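Working notes for the structure below.
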Amino acid sequence: MKIICIGRNYTDHIKELANERPDDPVIFMKPDTAILLKKQPFFIPDFSSDIHHEVEVLVKINKIGKHIQEKFAHKYYDEIGLGIDFTARDLQQQLKEKGLPWEKAKGFDGAAVIGNFFKKSSFKSLEDLTFRLEKNGEIVQQASTALMLWKIDALIEYVSKYFTLKIGDVIFTGTPAGVGKVFPNDQLTGFLEEKQAFSIKVK
Ligand code: ZN
């Protein structure tokens, strides 16, 4: 399976990192070895001193497809989840300044938290799905899919122009504002509406 991530999909997060609003979705990948194993803590890697949490809505692909039109995109997923795109912000900044790819800052082992998935039919609306990340019981990121620049179905159309989507692929749909540094002993808990999708310890 592959993990396709969308960058700069929420205006408020683009502003907080002083990035430009893109004309097209920003896409990058994480290898499957980036997936944090279930019930395992996240270990801060020694090559970074500024690991950020980015909570993101996830879409699990359930059908193979290429050149999927937006109006048919809903047929390619049944389940929605929540995860974290852990980012070594210091390393990413160095790479961005040199115009180099971000992979080391985004694709390292453990950098993809994939929480529980829920049937999309269990939510009243995917157009206005609320989600939040709590750090040690305090809300640090909170948003709705209504604030996405590109909605889920538009992302599927765009991504599938370049990459064949296969069963089990996961799309990270971008993070809203509120990204921040994690520290040892932090507990990160994510909720989609009121359903808990993950709770992980930082070490
Ligand atoms: Zn992200």
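Coordinate-derived values only; no laboratory data. These numbers were taken from a predicted model, which means no experiment stands behind them. Quick reminder, even Gly has a Cβ in these numbers, built from the backbone with ideal geometry, and neighbours come from all protein chains shown.
Could you grab the relative contact order for the range 76-203? Cα pairs under 8 Å, six or more apart, rounded to a whole percent. Can you show the working numbers first?
Details: 175 pairs, mean separation 35.1, N = 128.
Computed over the range 76-203, the figure is 27 percent.
Peptides 77-84, 51-58, 122-129 ranked from most to least packed, by the mean per-residue count of other Cβ atoms within 10 Å: 51-58, 77-84, 122-129. Binning all Cα-Cα separations of the chain at 10 Å, short to long from zero, yields these whole-percent fractions: 9, 38, 39, 13, 1.
For the pair the range 1-38 / the range 92-154, the C-alpha centres are spaced 7 Å from each other.
Under 8 Å for C-alpha pairs, at least 6 residues apart: give me the relative contact order for the range 18-109, rounded to a whole percent. Please list the in-between numbers first.
Numbers: 95 pairs, mean separation 32.2, N = 92.
Once normalised by length, the contact order is 35 percent.
Pairs Lys71/Lys124; Lys124/Lys203; Lys2/Lys120: which exceed 25 Å Cα-Cα?
Values: Lys71/Lys124 19 Å; Lys124/Lys203 36 Å; Lys2/Lys120 21 Å.
Correct reply: Lys124/Lys203.
Taking the number of other C-beta atoms within 10 Å as the exposure measure, put Asp23, Asp12 in order starting with the fewest. Kindly include the intermediate steps, with their values, before the conclusion.
Values: Asp23 5, Asp12 12.
Starting with the residue having the fewest Cβ neighbours, the order is Asp23, Asp12.
Would you mind ranking Val113, Val182 so that the residue whose beta carbon has the fewest other beta carbons within 10 Å leads the list?
Numbers: Val113 27, Val182 19.
Fewest-to-most Cβ neighbours within 10 Å comes out as Val182, Val113.
Measuring nothing but how far apart in sequence close Cα pairs (under 8 Å, 6+ apart) lie, relative to its length, the range 141-203 scores a relative contact order of 27 percent.
For the chain, adding -39500 (n - 2.57) for each run of n ≥ 4 DSSP H residues and dividing by the number of residues yields -4000 deg cm²/dmol at 222 nm.
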